[in-house]
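One structure below.
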Amino acid sequence: MSYQYKIDRRAFLKQAGVAAVAGSMAGAGSLKAQQGASRGASAAGYDFDEIYNRIGTNCSKWDGQIERWGEQLKIPMGVADMDFRVAPCITEALRERISHEVYGYMATPDSYHDSIVNWNERRYGTVIERGMLLDSPALLPGLLAALRAFNPPGARVVMQTPGYNGFFSTIRKGFVIEENRLREVNGVYEMDFDDLDRKLAQDDVHTFILCNPHNPVGNCWDRATLTELGELCNRHNVIVLADEIHCDFVNEDREYVPYANLADDLVMNSVTFKSASKSFNLAAFKDAYLFSHNPDLMSRIRAVGDNATINSLGIIASQAALEDGDDWLDAVRVYLSDNARYASDFINERVPHISANEPEGTYLSWLNVEPLIERLGAVETAAAETAAQSPDADEVTPEAIVERYFVENAGVKINPGSSYWGPGRMRMNLGLARPLLEEALGRIEQAARQA
Ligand SMILES: Cc1ncc(COP(=O)(O)O)c(C=O)c1O
């Protein structure tokens, strides 16, 4: 491992004030989620409250952001992974494998594919036959293969915005983004089917990307919505590409409905993309999969995709997770739900100029910072900074001004909504230990009060 940042871990955390956090947040006692603070932390014997230091491992979330912002950054809440140790079954399986010290070419064992098939059937009642399944080195390369299989170069690809920025960059590799904006009604996002109908009707639209649960707005789409969407896509002969990578994180009061569990005619017009990478925090391994009940769609993807080889250690990690990780996942889900409730209560009760919705799925919170943008004069600052920089540089957005404000004044990094085409919004990652979350929210509160 190359230790790019020579930061002393203990000193760093001490400086961040993390060690003292438990006492410093005593005033948060009125918050509703406080009571359930450690449901997931202790119920199954996993210590998610542990602050597990990732600095010095070249991780994008901590090291990458410290490189960008310097040591003023104390708590990064941007990149969508979690700070917890993985499920013990994963570490055990990897330990066993690395005790054998040869890493030559390997085949993908049937047991890996069986673990995917069994997981989907056991947890969600989704039946995947082995022949319908294709490996993919991470989710986005699989999605790109599907776009290439179903679209001529330059075709429009419909996606919903605000939307995951990885879709933007993937579509742009040869295609054009056609935006179907989600409608926000009283703080709740819903699909705009009239607009979607118009977008899907265009001659050069052949594919629609669905994100369920939705990154970044956090919606977990219900069966009626998915059915209406699917019928519209079928009517226009547009194939649904369902990214369900966040499906294992859904609040206790919501249900994840796999696209592949809808009516047959809808399922036959779709491809689903999944991975154990979000659920078990294995993104670095680069292993994902896709499947469709429609053999024609699968053979068209096979013809263009380079999906033959996936990461061998990732196969071992994912298989262990899918075979033996249920307990850990169920515990971390409870913990993350509590984090989400705690964060939205805290922000809505105590932080001026920002409001938060509790996400229905994902561990990402989507914040409304419009009043803060106004308060900071961020629109004017962004315009002035854009005018002062070279014309080919990316536009500075008001949300980027808010991002910088929180890094500089709170030591906390949250992502600008503009990265997801969500003006006036910020995305906050809640996949971290509760003491750090409390620390971050306290810092955000203070900074917002000073604005
Ligand atoms: C909706 C969604 N799809 C795909 C990805 C990326 O998946 P991968 O790293 O497997 O390409 C992410 C990562 O944040 C995501 O949120």
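Derivation of every value follows stated rules applied to the coordinates shown; laboratory data play no part. Everything quoted here is computed from the prediction, not taken from an experiment. Note that we place each Cβ from the backbone using ideal geometry, even for glycine, and neighbour counts take in every protein chain shown.
Would you be so kind as to identify which of PRO152, SER277, SER60 lies farthest towards the positive end of the dipole of the chain, taking Lys and Arg as +1 and Asp and Glu as -1 on Cβ and the Cα centre as origin?
Farthest along the dipole direction, towards plus: SER60.
For ARG302 and ASP204, what does the FRET efficiency come to when R0 = 25 Å and r is the distance between their Cβ atoms, rounded to the nearest 0.05?
Step by step, r from the Cβ atoms, then E = 0.55.
Could you put SER111, SER419 in order, starting from the residue whose Cβ has the fewest other Cβ atoms within 10 Å? The partial results should precede the final answer.
Details: SER111 11, SER419 20.
Ascending Cβ contact count within 10 Å gives the list SER111, SER419.
Tell me, MET428, MET191 in order of fewest to most beta-carbon neighbours within 10 Å? List each step's numbers first, then the result.
Values: MET428 27, MET191 21.
Final ranking by Cβ density, sparse to dense: MET191, MET428.
How large is the charge dipole for region 92-324, taken about the Cα centre, if only the Cβ atoms of Lys, Arg (+1) and Asp, Glu (-1) carry charge, to the nearest 20 debye? Each step should come with its number before you reach the end.
Numbers: 21 positive and 34 negative charges, 144 e Å.
Magnitude of the dipole: close to 700 debye.
To the nearest 20 debye, what is the magnitude of the charge dipole of the chain about its Cα centre, counting +1 on the Cβ of each Lys and Arg and -1 on the Cβ of each Asp and Glu? If you can, show how the numbers build up before the last one.
Values: 43 positive and 64 negative charges, 205 e Å.
Magnitude of the dipole: close to 980 debye.
Once you have a ≥ b ≥ c as the square roots of the Cα gyration tensor eigenvalues for region 92-324, tell me rounded if a/c is under 1.5, and otherwise prolate or oblate according to whether a/b is larger than b/c. Write out the running numbers ahead of the final one.
On the way: a/c = 1.87, a/b = 1.54, b/c = 1.22.
Note, shape of region 92-324 comes out prolate.
Please give the contour-minus-distance gain from ASP253 to ASN348: 0.36 nm per residue of separation, less the Cα-Cα distance, rounded to one decimal in nm. Kindly include the intermediate steps, with their values, before the conclusion.
Working: separation 95, 0.36 × 95 = 34.20 nm, distance 2.06 nm.
Length gained, ASP253 through ASN348: 32.1 nm.
Given labels modelled 7 Å from the Cα in the Cβ direction, how far is it in nm from ASN58 to ASN186?
Going by the 7 Å Cα→Cβ label model, 5.1 nm.
Take peptides 163-174, 378-389, 213-224, 429-440 and line them up by average Cβ neighbours within 10 Å, highest first, as a rough protection proxy.
Working: 163-174: 17.7, 378-389: 14.4, 213-224: 22.0, 429-440: 23.7.
Top to bottom by mean Cβ count within 10 Å: 429-440, 213-224, 163-174, 378-389.
Just check the chain against the gyration tensor rule for me: Cα atoms, a ≥ b ≥ c as the square roots of the eigenvalues, rounded for a/c under 1.5, and otherwise prolate or oblate depending on whether a/b exceeds b/c. If you can, show how the numbers build up before the last one.
Details: a/c = 1.60, a/b = 1.20, b/c = 1.33.
It comes out oblate by the Cα gyration axes.
If I model a spin label as a point 7 Å beyond the Cα along the Cα-Cβ vector, how far apart are those points for THR227 and ARG449 in nm?
Reported label-point gap for THR227 and ARG449 is 5.0 nm.
Roughly what % of DSSP beta bridges within the chain run antiparallel, to the nearest 5?
For the chain, the DSSP antiparallel bridge percentage is about 50.
Note down the nm distance, to one decimal, between modelled labels 7 Å out along Cα→Cβ at GLU395 and at PHE168.
With each label point 7 Å from Cα toward Cβ, the separation is 1.0 nm.
Sort 248-258, 71-81 by the packing proxy (mean of other Cβ within 10 Å over each peptide's residues), most packed first.
Result, highest mean Cβ count within 10 Å first: 71-81, 248-258.
What is the extension gain from GLU71 to ARG97, computed as 0.36 nm multiplied by their sequence separation minus the C-alpha to C-alpha distance, in nm to one decimal?
5.7 nm
For region 159-285, what class follows from the C-alpha gyration tensor (a ≥ b ≥ c being the square roots of its eigenvalues): rounded when a/c is under 1.5, otherwise prolate if a/b is larger than b/c, else oblate?
Verdict is rounded for region 159-285.
Return a whole-number percent for the relative contact order of the chain, with Cα pairs under 8 Å and 6 or more residues apart as the contact set.
23
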